Amino acid sequence: MELMSNNVRREGKLLIESIDRLLPSDLRGFIVTQHVLGDGDETTLLLTPRIVSVLYRGVQKKIIMFKDKEYYQRVFKSLIANFKQLVLHIASEMKLLDIDLALISILNEDSVSAISIIYNQSFVNSYTEYVKQNVNSIAIILTNRNTNSGDALSNSINFLNSNVKKYYKMLAKHLQFNSLHIIVLSLDTENVLKIKLRDDYGKDSSLTIPINNPSWEFDNLPDRIKEDLYTLVIEPINTNAQYAPRGIIIIGPPGVGKSVTAEAIASELRKKIVRINPGVYRSMWYGMTEKMLLSLFSSLKRKKDVVILVDDADFLVNRFNAIHEAFIAEMNMWLNILQDRERPLIIMTTNTPDIMDPALMRPGRLDVTVFMGYPDRKMREKIVSNLCKKYRVKLANEILINDLILRTKWFNAAELDSLVRIVASKGRGVITEDSLEWALRKFHINYGERKIIQESIESYASKMPNVVISYIPKEHEI
């Protein structure tokens, strides 16, 4: 057997690398691959926490979907090339998870590309003497094919037994696992919209736009607007009524939950979200922006299960103020799109409605306007309670949440999110009086300025020609 280095040996086409020196002192292990392993890169590092989370949550099968083919291929190649990085991350969690033995492998089209065994040295005195009963052993298999779990495990064990059994000897008898975790890396072809384009020179190109599931529920919204939204938007659309609105614009200052409201509406409609922004379709070539927009919405018209979200639609400026004729042409294209009754529901959000073209917001294009102001006390309590559940943050005592709500006057939802995370960091997962006091000193909220913003939103709402749904709490409610 050829000696490659102090810790790497060659067995035919395979490389067997001992990683004992890289592991915590109580662990031993090796990796088997067909090529020299890299020490790691950012692509593998970004995916590793999602893989490790499977162990903590006890998930038996997880499918990680990728919407971009090139990125998907790059991630899978990176995992194989930097398999050592993944193995070492899993090994670092074994003590916390009370794992004695772990088999980790990557299957490419059911063929083993890389495999590793990590075990606690107290598990055996030597490779031949079994000393511990009730061993907690797990298998973690990553694959690019949605295969049968038993087959995936058999392929991995057969590979070990056929090629490197002598390197773990009697340990092989004990490869009976308490838990098996299959992680399928898959290219999502259903939740991706692909649009082929051809420019004036005959050159082919394409757009790839992800279609996402909403992250927020209807219950996340303020109670005082849910009934109006259900009556004016949800019920008519769900019953395919001819009078159902085809467009909504959500107006409010930054951080108050405009995007949350849009996703919550989509969730209640049981539809997915397609996000559109200028970076998706704008082109430097004359006339291509309009062609891409037309192709994009021609494809979207065929999809009945989506809501189109145009977040921060401030780029659709008033044509009178447009600085280039290209913006005027783009704006005219949007007006034609919004006029089309066959299109999916379009929801736009904006912080600055004053600069947008008023023709966009007339009834028939964007039929319903939702105004979102800074949250009142009741809504802040709802937001903080949800955040504590989301981040698994505990309260030192139940009175603290009332104190937090009273001391966050004029905070928006995004700032409450930041506050909870900072308090939790200071209190190590617990909201205490000291950590709350410390965190609040990091925020500088101008009450007078926000009061003026809230009043200006209320004034704008009173002049809106559309159907208006309004959540603008009064100062005494804040």
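Here is how the numbers come out for the structure above:
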item	result
Stretch gain in nm, segment L46-R275, where the contour uses 0.36 nm per residue and the Cα spacing is subtracted	80.1 nm
In range of the label at E342: residues from segment 264-299 whose backbone nitrogen is under 19 Å from the point 7 Å along Cα→Cβ	291-299
Extension gain from D305 to Q60, taking 0.36 nm per residue of separation minus the Cα-Cα distance	85.2 nm
For segment 46-88, convex hull of alpha carbons as volume per residue, Å³	77
Euclidean distance of C-alpha centroids, segment 28-107 and segment 219-250, integer Å	44
Inverse of mean 1/r across different Cα pairs in segment 375-478, Kirkwood, Å	14.7
Percent breakdown of C-alpha pair distances by 10 Å bin, ordered from the shortest bin, for segment 410-471	20, 33, 23, 16, 7
Straight-distance crosslink candidates among lysines, where the alpha carbon sits under 28 Å from K196 and sequence neighbours closer than 8 are dropped	K67, K69, K77, K271, K272, K291, K301, K303, K304
Square roots of five times the Cα gyration tensor eigenvalues for segment 1-79, Å	28, 18, 11
Pairwise label distance in nanometres, A359 with D223, each label 7 Å out on the Cα-Cβ vector	4.4
Using a Förster distance of 41 Å, the FRET efficiency for A396-Y71 (Cβ separation, nearest 0.05)	0.45
All Cα pairs of segment 275-433, percent lying beyond 29 Å	42
Per-q log10 I(q)/I(0), segment 209-316, q = 0.19, 0.22 Å⁻¹ (Debye; single scatterer per alpha-carbon; no solvent)	-1.07, -1.32
Theoretical gain in end-to-end length, Q176 to S206 [0.36 nm per residue, Cα-Cα removed]	6.0 nm
Computed log₁₀ I(q)/I(0) - Debye formula, equal Cα scatterers, no solvent, segment 351-419, q 0.15, 0.27 Å⁻¹	-0.62, -1.23
Intensity falloff of segment 252-300 expressed as log10 I(q)/I(0), Debye formula with alpha-carbon point scatterers, at q = 0.26, 0.30 Å⁻¹	-0.93, -1.04
Near-label residues of segment 356-374 by backbone N, under 12 Å of a point 7 Å along Cα→Cβ of M464	361-363, 366-373
Net +/- balance of residues flanking R57 in space, Cβ distance below 14 Å, scoring K and R +1, D and E -1	+3
Virtual spin-label span in nm between F443 and T239, 7 Å along Cα→Cβ	4.1
3J(HN,Hα) from dihedral phi, segment 26-31, Karplus parametrisation 6.51/-1.76/1.60, rounded to Hz, x for glycine, proline	8, 10, 9, x, 8, 10
Tail weight of P(r) past 19 Å, computed on alpha-carbon pairs of segment 278-333, percent	33
Cα long-axis angle, helix 325-339 against the chain (0 to 90 degrees, to the nearest 10)	90
Whole-number D in µm² s⁻¹ for the chain, Kirkwood Cα-pair radius fed into Stokes-Einstein, 25 °C, 0.890 mPa s	93
Solvent-accessible surface ranking, highest first, for F315, F320 at 1.4 angstrom	F320, F315
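The values are calculated or read from the model by the stated rules, or taken from the named source; none is laboratory data. Quick caveat, the model's predicted, so the values are computed rather than measured. Positions of Cβ are generated from backbone atoms using ideal geometry, with glycine treated the same way; all protein chains shown enter the neighbour counts. These accessible areas exclude ligands, DNA and RNA; they are computed on the full protein's heavy atoms, side chains included. Shrake-Rupley method; radii C 1.70, N 1.55, O 1.52, S 1.80 Å.
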